[in-house]
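> This structure is in structure tokens; I'll ask about it shortly.
The values are calculated or read from the model by the stated rules, or taken from the named source; none is laboratory data. Keep in mind the model is a prediction, meaning the values are calculated, not measured. Methodologically, a virtual Cβ is constructed for each residue, glycine included, from the backbone with ideal geometry; neighbour enumeration extends over all protein chains shown. These accessible areas exclude ligands, DNA and RNA; they are computed on the full protein's heavy atoms, side chains included. Shrake-Rupley method; radii C 1.70, N 1.55, O 1.52, S 1.80 Å.
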Amino acid sequence: MRPTQAPFPHTRLRRTRKSAAIRDLVAENALSVKDMIWPVFVREGYAVEEPVPSMPGVVRRSVDKVVEAAREAHDLGIPAICLFPYTSAANRSEDCAEAWNPDNLSNRATRAIKQAVPELAIMTDVALDPYSDTGHDGFVRDEEIVNDETIEALVKQALSQAEAGVDIIGPSDMMDGRIGALRAALEAQGHHNVLLLSYAAKYASAFYGPFRDAVGASGALKGDKKTYQMNPANSDEAIRLVERDLREGADMVMVKPGMPYLDICRRVKDAFGAPTYAYQVSGEYAMIRAAADQGWIDGDRAMAESLMAFKRAGCDGILSYFAPDLARALA
Ligand code: PBG
């Protein structure tokens, strides 16, 4: 739909840009802290905040510090945080059993946060990569990342997270059929109100590099993830994946990475009208931070502009390491 307009000079599109007040009146999108999910890295220990070298400004926190961060996030108006455990080599194994240990790092952090800040929504990640000795999101058998056997493990992992009290489960593994399996298991166990935010259109991307450093997976990863994560050349396939996941019981869907895939965000939103999220991933954060730290771009403005792009592309919310910075900038 195109607005009807008179020829120049009766129409001068600059009129609606003439002052901040008028620009505000005609703004089509707004960026709010209420749209943000803040990903945080959790590690063992007490009173530890350990910098992640490839993500300036981001730290791995021990559980007590994650609780502090959760309280701060809630005070800043951020509705949700997303937990990613940094698992020590000792807790990584071929069978990935730590993934469904009721007392693993992620579950301990969930319980501690729920006790301290019950209003804050907690999201967790479902995938085996923090727990496997291969760095892959699924089990590896004869160099193949096996689908159906992995799903059985993902179900155990998700149920242990639901037991710990998470609000939103985010399967990031890209196995076929996992949303249906997870939904059925959650319903069967009485977890009727646990949401599934499917990483539905997740691309095999170079932009995950700093994240893999942050969770200690870089050294572990053998090969690449191209047999399960999407080819960056594809767009129709993203629509098929999102449709499938919605049919299997996903409440919300995600496109990942974010900024290189804004076209996918728009297509997904237009096609389904479902709650749609983008993940501004570690490499996107690192690029903006690195350029800002060099004084090459204005960090606050680049942050806000990059996040506004997701709203313009139709996203309902954004996972971003900038969440607390944005909250402070908007306050
Ligand atoms: C793994 C997972 C990844 C991210 C979130 N969950 C990395 C990967 O697929 O290798 C990336 C997040 C980021 O780069 O910020 N299941």
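> Given the rule -39500 (n - 2.57) for each run of at least 4 DSSP H residues, summed and divided by the residues of the chain, what is its mean residue ellipticity at 222 nm, to the nearest 500 deg cm²/dmol?
-11500 deg cm²/dmol
> Right, something else. Answer with one residue from 295, 217, 273: the one whose Cα lies farthest towards the positive end of the charge dipole of the chain, charges on Cβ with Lys, Arg +1 and Asp, Glu -1.
Final value for the positive-end residue is 295.
> From the residues 232, 97, 169, which one has its Cα farthest along the dipole of the chain in the positive direction, the dipole being from +1 and -1 charges on Cβ of Lys/Arg and Asp/Glu about the Cα centre?
So the residue we want is 232.
> What is the antiparallel percent of DSSP beta bridges lying wholly in the range 37-330, to the nearest 5?
Around 15 percent antiparallel, to the nearest 5.
> Considering only protein heavy atoms and a 1.4 Å probe, what is the carbon-and-sulfur percentage of the accessible area of the range 170-298? Mind showing how you got there, number by number?
Details: 2740 of 5340 Å².
After summing per-atom areas, the C and S share lands at 51 percent.
> At 0.36 nm per residue, minus the direct Cα-Cα distance, what do residue 329 and residue 32 gain on full extension? Give it in nm, one decimal, please.
Working: separation 297, 0.36 × 297 = 106.92 nm, distance 1.07 nm.
That pair, residue 329 and residue 32, stretches by 105.9 nm at full extension.
> Given a 1.4 angstrom probe, what's the average accessible area per residue across the chain, in square angstrom? Present the calculation step by step, with values, prior to reporting the outcome.
Working: 15260 Å² over 331 residues.
That works out to 46 Å² per residue.
> Still on this model: Return one number: the angle in degrees, 0 to 90 and rounded to the nearest 10, between the long axis of the Cα atoms of helix 105-116 and the longest principal axis of the Cα atoms of the chain.
That works out to roughly 60 degrees.
> Taking Cα centroids, how far is the range 94-110 from the range 296-331 in Å?
For the range 94-110 versus the range 296-331, the Cα centre distance is 32 Å.
> Could you pull out every one of the lysines with an alpha carbon less than 21 Å from that of residue 202, ignoring same-chain neighbours closer than 8 positions?
Hits, sequence-local ones excluded: 222, 225, 226, 256, 269, 311.
> Right, next: Which one, 227, 110, 276, has the greatest fluctuation when you compute a Gaussian network model over the chain with C-alpha springs under 10 angstrom?
Of 227, 110, 276, the Gaussian network model singles out 227 as fluctuating most.
> Before anything else, pin down the relative contact order of the range 37-330: Cα pairs under 8 Å, at least 6 apart, normalised by residue count, whole percent. Let's see the in-between values first.
Values: 585 pairs, mean separation 51.6, N = 294.
Over the range 37-330, the number comes to 18 percent.
> So, with +1 on the Cβ of K and R and -1 on the Cβ of D and E, and no other charges, what is the size of the charge dipole of the range 97-186 about its Cα centre, to the nearest 20 debye?
Numbers: 7 positive and 17 negative charges, 117 e Å.
The calculated dipole for the range 97-186 is roughly 560 debye.
> Once both axes come from the Cα atoms, what is the angle between helix 282-293 and the longest principal axis of the chain, in degrees from 0 to 90, rounded to 10?
50 degrees
> With springs only between Cα atoms under 10 Å apart, run a GNM on the chain and tell me which of 121, 278, 21 wobbles the most.
21
> Round to the nearest 0.05 the FRET efficiency obtained for residue 59 and residue 316 when R0 = 30 Å and r is the Cβ-Cβ distance. Please report the intermediate quantities before stating the final value.
Details: r = 28 Å, r/R0 = 0.93.
E between residue 59 and residue 316, to the nearest 0.05, is 0.60.
> Right, here's the next one. Name the long-range amide H neighbours of residue 319: under 5 Å, sequence gap of 5 or more, or other chain; modelled H, no Pro or chain starts.
Under 5 Å from the amide H of residue 319 lie the amide H atoms of 37, 278, 279, 280, each far enough along the sequence or on another chain.
> Can I ask one more? Contact order normalised by length for the range 209-278, with contacts defined as Cα pairs under 8 Å and 6 or more residues apart; what percent is it? Could the numbers behind the result be given before it?
On the way: 42 pairs, mean separation 18.7, N = 70.
Over the range 209-278, the number comes to 27 percent.
> Next question, about the same structure. Could you give each residue of the range 56-64 its phi-based ³J(HN,Hα) in whole Hz, using Karplus coefficients 6.51, -1.76, 1.60 with θ = phi - 60°, and x for Gly or Pro?
3J(HN,Hα) across the range 56-64, in whole Hz: x, x, 9, 10, 8, 10, 6, 4, 4.
> For the range 169-197 and the range 28-52, write down the distance between their C-alpha centroids in whole Å.
Distance between centres, Cα-based: 24 Å.
> Label-point separation (nm) for residue 88 and residue 296, each offset 7 Å from Cα along Cα-to-Cβ?
Roughly 3.8 nm, to one decimal.
> Can you tell which of 52, 5, 132 lies farthest toward the positive end of the dipole of the chain, using +1 and -1 charges on the Cβ of basic and acidic side chains (Lys, Arg; Asp, Glu)?
After comparing all options, I get 5.
> Further question on the same structure: In nm, what is the difference between 0.36 nm times the number of residues separating residue 16 and residue 189 and their Cα-Cα distance?
On the way: separation 173, 0.36 × 173 = 62.28 nm, distance 5.50 nm.
Additional length available on full extension: 56.8 nm.
> What do you get for the angle between helix 262-272 and the principal long axis of the chain? Use alpha-carbon atoms, 0 to 90 degrees, nearest ten.
Value to nearest ten degrees: 80.
> Explain nothing, just the number: dipole magnitude of the range 140-215 about its Cα centre with +1 on each Lys and Arg Cβ and -1 on each Asp and Glu Cβ, in debye rounded to the nearest 20. Walk me through the intermediate numbers first.
Working: 6 positive and 12 negative charges, 57 e Å.
Computed about the Cα centre, the dipole is about 280 debye.
> What is the range 69-195's relative contact order, in percent, from Cα pairs under 8 angstrom and six or more apart in sequence?
26 percent.
> Follow-up. Taking 0.36 nm per residue of separation and subtracting the Cα-Cα distance, what length does fully extending residue 1 through residue 236 add?
Numbers: separation 235, 0.36 × 235 = 84.60 nm, distance 2.34 nm.
Taking residue 1 through residue 236 to full extension adds about 82.3 nm, to one decimal.
> Please get the size of the charge dipole for the range 37-330, origin at its Cα centre, with Cβ charges of +1 on Lys and Arg and -1 on Asp and Glu, quoted in debye to the nearest 20.
Details: 30 positive and 44 negative charges, 120 e Å.
Using only the charged Cβ atoms, the result is roughly 580 debye.
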